[in-house]
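Step one of this worksheet: look at the structure below.
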Amino acid sequence: VCLFSVIPLVIKPCLFLSPQAPAAFGLVSFLMHAGLERNRIRKHLLAFALAAPVLAMVTFVGLSQSSKEALSNVNATGVAMLFSAGTFLYVATVHVLPEVGGTGHSHSPTPGKEAAKGLSKVEVGALVLGCLLPLVLSVGHHH
């Protein structure tokens, strides 16, 4: 057996699992900080570790040739991308909302001075403009 034919068999699983290592460390650190007991942390870590491989296999089976007709009726790729984008936006929004509402930690330069609460009118205008810009750019664009 040639060494060069074995290397991809070793590298591909490492590349597939490497992004999970920092996320798993962060999950365990967060759960330990939250005060969960070790057995419960292990169960959460096991579920986290199995999520990517199991769902990758489910996706493969779902998108295989035998079920392609069933998934083409519902535009499964678009729905999956929509779900992925929605979860990303949810996490980003939940992280940012305490900062915007003034309940998060302060970034004011002086220790005794409190940071301004909420968004200014310019920031709200920029936010609304940024939300409407994709709509304006898509007018007249058809596939």
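The values are calculated or read from the model by the stated rules, or taken from the named source; none is laboratory data. Predicted model, so just to flag it, every value in this text is computed and none were measured. Every residue, glycine as well, gets a Cβ built from its backbone with ideal geometry; the counts of neighbours run over all protein chains shown.
Table for the structure above
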| item | result |
| --- | --- |
| Any hit, the range 70-77, residues being part of a helix (DSSP H, G or I), surrounded by 11 or more Cβ atoms within 10 Å (Cβ to Cβ) and modelled with pLDDT of 75 or more | no |
| Qualifying position, being modelled with pLDDT under 85, more than 19 Å from the chain's Cα centre (by Cα) and assigned to a helix (DSSP H, G or I), among LEU133, LEU89, LEU119, LEU127 | LEU127 |
| Within the range 48-69, considering residues that are surrounded by 10 or more Cβ atoms within 10 Å (Cβ to Cβ), small (Gly, Ala, Ser) and part of a helix (DSSP H, G or I), the one modelled with the lowest pLDDT | SER67 |
